[in-house]
Each structure stands twice: as C-alpha cells, then as structure tokens.
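In what follows, a structure is listed as structure tokens, so that the remarks can point back to it.
We did not get these values from a lab; they are worked out from the coordinates using the rules stated. What you are looking at is a predicted structure, and each value in this text was computed from that prediction instead of being measured. Cβ sites come from the backbone with ideal geometry, for glycine too, and all protein chains shown count toward neighbours.
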Ligand SMILES: C[S@@+](CC[C@H](N)C(=O)[O-])C[C@H]1O[C@@H](n2cnc3c(N)ncnc32)[C@H](O)[C@@H]1O
C-alpha cells in the first residue's frame, strides 16, 4: 500500500511543484515571525514533498515536525530531506485531531494535497488549533472539482461528476470528506477563526508527454467512477480505453483544478 502511494507521490511531485503558487507561498512566508527559528508543522507529509517545495522560500533557521499515519512514508520523508535539514517525525492517525501538543508553539502549519480528504468538522477543529498557536497556514494543491481533458470525449463531464461524488463519499479517518468543496469550507472555517485568507489557483496542466501521470490519473478516475456507479461500468470502461489511447498516441492534455489557500492572523 505505502509502496504504491510512494510511487504515486513521486509521479505527481514535478506536476505539483510546477502548479503551486509561489506568490501565495511568499505572502505567507512574509507573514511569519523572524525573531527565532521557525517551528513548522506539516500534516499528512507523505514522502515530504511539501517540505522540499517550501525549503527554498524559508529563512535558513527552521525546525519541522512531519506527521503521517504511514511509517514507511515518514521514513522516506526523513531520508529524502536529510541533505537539506533535520526533521522530527510522528506517526499517528490525524483523523481525531486529538494531539494538541503537535500544534503548541508552531509558527506555521501547512499541508499539501490533504484538504479534499478531510471533513468540515475536521477543518473547524484545525482552524481552532492553528488560531490557538497563532500559526500562519498554507494548504496547497486541494482538488476543486474541475478538470478538462483534450481531445474531448462525450463522457468526460459524466466521469468528472462521478469522481466528484466519489470524493464526497470518501472517509480516510477524518470524517466524510469535503472533496471538491474543501477549499470553500476551509476558507470559511479559518475566516471564522479570525484569519485573513488568500487563495490562488494551482491547477495541474499536464502536457501530452507526461504519459505516466496521465495514465495513472485516468485509471484512478475510472476506478473511482466505477466504484460509485457500478451500473455505469460499460460506459466508464469505454471512456477509459479511448482516453488511454489519446495518451498512447501522444495527443492527450489534462488540466486538473486545484487551489492553494494561505492565511495569517492580523
Ligand atoms: C495525497 S497524500 C499527500 C502527501 C504529501 N503531503 C504530498 O503532497 O506529497 C495524502 C497523505 O495523507 C496521509 N493520510 C491519509 N489519511 C491520514 C490520516 N487519517 N492520518 C494521517 N495521515 C493520513 C497519507 O498517508 C498520505 O501520505
């Protein structure tokens, strides 16, 4: 399980880096205190892509705590960030959000590719934890329910709708996922906790030569669609074959809508 997740995270990292908003990252980093080494918390770290992305924006003196429920991904995160910095890791389920000590004295709380997996209740609790620490926040690469494939196939919209339904039915231990509504809900929860929030698009724009990532994406969408609507299996299978053929023929381009969301307390 964690090996295939690790492979998927490696595959998406270049697209993630190209998509993220440098302007929003700089705005959040500019709001961080400068009087002491920064204490940063990365939630659902995976193999540490968020740490690798953010390192170049941060002042040299900072300490990271990385949390994930998967010990193998965390070990990989430690290994792959060792040349840049020392990090602490903690392995536990973030679902209950019942470990307030991880937020204590944090200047900056961040996550990437996480918020679409969590529930509104979890977002409300997270906003309260962050506010109590007076931490600035940056949540990158949250799927926003939009996608566009080229060349167009007649079922593209139907598959996207099924995939979005599947996302909203997800529960990874955080309660029922906000899915494509996560950015709106997070913005509302953090604003209600007193944060000034800013949002920037961070869409993936996958060119035809990104074969492997496109292939995995199409397989993932088809699998999710078939899981939520098994009665549509024939339509989904036929769509999958045509989309994979576009990839194989070097003519497929896919845009996947994401947003980055940042905030700080005035
Ligand atoms: C899509 S990956 C994103 C990883 C990383 N932030 C990145 O951008 O590459 C989601 C991560 O959430 C972690 N995760 C999922 N459910 C979790 C839970 N209940 N508690 C802690 N981590 C969880 C997974 O192990 C995985 O590493």
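Okay, here's what the table says:
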read-out: Any pair with Cβ under 7 angstrom, 6 or more apart, that starts in the stretch 86-98 at a residue that is in contact (Cβ under 8 Å) with a residue 60 or more places away in the chain and ends at one that is within 7 Å of the ligand (Cβ to nearest atom); value: 93/69; 93/173; 94/44; 94/67; 94/69; 95/173; 95/174
read-out: Residue match in the stretch 70-84 (condition: away from the ligand (no atom under 12 Å from the Cβ) and surrounded by 23 or more Cβ atoms within 10 Å (Cβ to Cβ)); value: no
read-out: Meets criteria (within 8 Å of the ligand (Cβ to nearest atom) and either at positive phi or in contact with a strand residue (DSSP E or B) (Cβ under 6 Å, 6 or more places away or on another chain) (or both)) for residue 67; value: yes
read-out: Qualifying position, being surrounded by fewer than 17 Cβ atoms within 10 Å (Cβ to Cβ) and farther than 21 Å from residue 15 by Cα, among 177, 191, 186; value: 191
read-out: Residue match in the stretch 116-123 (condition: within 16 Å of the ligand (Cβ to nearest atom) and assigned to a loop (DSSP other than H, G, I, E, B)); value: yes
read-out: Pair list, Cβ under 6 Å, 6 or more apart: the stretch 229-240 residue in contact (Cβ under 8 Å) with a residue 40 or more places away in the chain, other residue in a helix (DSSP H, G or I); value: 229/162; 236/222; 236/225; 236/226; 239/159
read-out: Some residue of the stretch 48-64 being under 19 Å from the mean Cα position of the chain (by Cα), under 21 Å from residue 34 (Cβ atoms), in contact (Cβ under 8 Å) with a residue 24 or more places away in the chain and away from the ligand (no atom under 13 Å from the Cβ); value: yes
read-out: Qualifying residues in the stretch 104-115 (those that are more than 9 Å from the ligand (Cβ to nearest atom) and either farther than 15 Å from residue 263 by Cβ or assigned to a helix (DSSP H, G or I) (or both)) - the one nearest to the chain's Cα centre (by Cα); value: 115
read-out: Residues of the stretch 144-159 that turn out to be in a helix (DSSP H, G or I), crowded, with 20+ Cβ neighbours inside 10 Å and in contact with a strand residue (DSSP E or B) (Cβ under 7 Å, 6 or more places away or on another chain), as a count; value: 0
read-out: Which listed residue, of 131, 146, is within 17 Å of the chain's Cα centre (by Cα), away from the ligand (no atom under 16 Å from the Cβ) and more than 21 Å from residue 52 (Cα to Cα); value: 146
read-out: Scan of the stretch 124-142 for residues that are more than 15 Å from residue 23 (Cα to Cα) and in a strand (DSSP E or B), ordered by number; value: 136, 142
